[in-house]
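Note sheet for the following structure.
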Amino acid sequence: MFQDVVNFIKNIYDTDEFISLHEPRFIGHEKQYLNDCIDSTFVSSVGKFVDQFEQIIAQKMGIKYAVATSNGTSALHMCLILADVNSNDEVITQPLTFIATCNAITYIGAKPIFVDVDLDTMGLSPESLEAFLQQNCTIEDGQCHNKTTGRIIKACIPMHTFGHPCKIDEINQICQQWSICLIEDAAESLGSTYKGQHTGTFGKIAAISFNGNKIITSGGGGVIVTNNEELAKRAKHLTTTAKMPHKWEFDHDEIGYNYRMPNLNAALLVAQLEQLAGFVENKRQLAVRYQQFFAGQENIQFISEPKHCRSNYWLQSVLLENREQRNQFLDYTNEHGVMTRPIWKLMNKVRMFKNSQCANLQNSEYLEQNIVNISSSVTMKGVS
Ligand SMILES: *Cc1c(COP(=O)(O)O)cnc(C)c1O
């Protein structure tokens, strides 16, 4: 029954070899810029490619400031520090996310709270957020107090799952009403817009990842983006060991981090950034082909971009009817040379976070059981 799916995907990629879920693609100026970078000897965290990258990405996203980091997790960690999240504060996020979101919250000593996602976006649900806050919280002295735990909720981190934007303007409104700082985990959604505005530009600050599996890659890398000049300056200061600017003296005014992106990685990334629009276009074409194909398949539904959104379709996904069928799909495809993968285990079930406070998570539970990611590389035949 899944033979059709395997055949279709093999045909798209025009190969009989094993098809991985997502491969990076280097068909631009990658080698040239890497050579330039090596020749310049500036391979570490100072160099022209880092500056260039920060300028270009800010301009592409329509945001004022970008600060390149060593990876997406360190960018998230920084965002939380910049949002003034402290030990024992609480941060609301979605259980359907990659572990890095919750790890970053934990690095601060803060606690995650999990609210549900929407079925159409797979991202944090404004309804679930609002209901949770109404039921559990009050505003005192301009801060959001959680009556159940006695702690302060400082921030909310929605995530744009697989590149599909969540209902970020509604979430933003709720966060403002409740004095909660909005941080976007836009790790997966570079190139995706909501109502014409780039994801990652709605909140106070956002993090993006350039890990090898993301839509464009620097090998490892990330970026913090914001419209707030003060936060941007502090992000750069803190990620460069909080060193005071001076010609030769070493002095640091607080505990900082070695979180800057090396120039070598930025060289690769500048070349990748030049190809971003093409990659997004390819992924959107791939989505159209999947959509048409799965429309003719019983019991499997292709996940399309939500309303008001232009998604980068970073990871393409389908919805099976139940866990048993999902497992059969995973078994069959992986055994027949096409890599597919279930969604992450929900964060509230991961050992470190299983005592966290949770809203009703029925949508997250449903998606956890039934979603599968399918081949999403931009290397399919017939595209440039
Ligand atoms: C990839 C990813 C991250 C972390 O990025 P790294 O660069 O791997 O540290 C964070 N959040 C989400 C949702 C991600 O998918």
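The values are calculated or read from the model by the stated rules, or taken from the named source; none is laboratory data. Predicted, not measured: the structure shown is a model, and the values here were computed from it. Reconstructed Cβ throughout: ideal geometry from the backbone, glycine too, with neighbour counts over all protein chains shown.
General remarks:
- For region 230-247, the criterion of a residue being under 30 Å from Thr340 (Cα atoms) and either within 16 Å of the ligand (Cβ to nearest atom) or under 21 Å from the mean Cα position of the chain (by Cα) (or both) is satisfied by no position.
- Some residue of region 2-19 being over 30 Å from Arg289 (Cα atoms), at pLDDT 95 or above and in contact with a Lys or Arg (Cβ under 8 Å, 6 or more places away or on another chain): no
- If you go through region 58-80 and keep only what is surrounded by fewer than 23 Cβ atoms within 10 Å (Cβ to Cβ), part of a helix (DSSP H, G or I) and within 16 Å of the ligand (Cβ to nearest atom), you end up with nothing.
- Per-region count, region 253-270, residues in a loop (DSSP other than H, G, I, E, B) and either among the hydroxyl-bearing types (Ser, Thr, Tyr) or crowded, with 22+ Cβ neighbours inside 10 Å (or both): 4
- For Gln297, the conditions (1) in contact (Cβ under 8 Å) with a residue 24 or more places away in the chain; (2) within 18 Å of Gly191 (Cβ to Cβ); (3) in a loop (DSSP other than H, G, I, E, B) all hold with the exception of (2).
- Taking the numbered list (1) within 18 Å of Thr73 (Cβ to Cβ); (2) touching a Lys or Arg at 6+ places or on another chain (Cβ under 7 Å); (3) surrounded by fewer than 19 Cβ atoms within 10 Å (Cβ to Cβ) in turn, Thr239 passes all entries but (3).
- Of all residues making up region 203-216, the number that are within 16 Å of the ligand (Cβ to nearest atom), touching a strand residue (DSSP E or B) at 6+ places or on another chain (Cβ under 9 Å) and in a loop (DSSP other than H, G, I, E, B): 4
- Among residues of region 228-250 that are free of Cβ contacts under 8 Å to residues at least 12 places away in the same chain, those with a Cβ under 7 angstrom from a residue that is in a loop (DSSP other than H, G, I, E, B), sequence gap 6+ or separate chain, pair up as Met244/Asp251; Met244/Asp253.
- A search for C-beta distances below 6 Å between a residue of region 316-331 that is in contact (Cβ under 8 Å) with a residue 12 or more places away in the chain and any residue that is part of a helix (DSSP H, G or I), counting only pairs 6+ apart in sequence or on different chains, returns Gln316/Tyr290; Ser317/Phe162; Leu319/Asn370; Leu320/Arg326; Leu320/Phe329; Leu320/Asn370; Arg323/Gln369; Arg326/Asn370.
- Of the residues making up region 275-294, one or more are closer than 21 Å to Glu23 by Cα, away from the ligand (no atom under 16 Å from the Cβ), surrounded by fewer than 13 Cβ atoms within 10 Å (Cβ to Cβ) and under 19 Å from the mean Cα position of the chain (by Cα).
- For region 43-52, the count of residues that are touching a strand residue (DSSP E or B) at 6+ places or on another chain (Cβ under 7 Å), modelled with pLDDT of 95 or more, crowded, with 21+ Cβ neighbours inside 10 Å and farther than 25 Å from Asn103 by Cα is nonzero.
- Residues of region 116-138 that turn out to be among the β-branched types (Val, Ile, Thr) and within 16 Å of the ligand (Cβ to nearest atom), as a count: 2
- Within region 200-218, no residue that is more than 28 Å from Ser20 (Cβ to Cβ) sits with its Cβ atom under 7 Å from a residue that is within 7 Å of the ligand (Cβ to nearest atom) at 6+ positions apart or across chains.
- Candidates Thr106, Thr73, Thr97, Thr101 - the one that is more than 19 Å from Gly203 (Cα to Cα), of a type in the set (Ser, Thr, Tyr) and at pLDDT 95 or above: Thr106
- Output for region 226-246, where each listed residue is closer than 19 Å to Val46 by Cα and outside any helix (DSSP H, G or I): Thr240, Thr241, Ala242, Lys243, Met244, Pro245, His246
- Residue in region 273-288 that is farthest from Phe302 (Cα to Cα), counting only those that are among the polar types (S, T, N, Q) and assigned to a helix (DSSP H, G or I): Asn282
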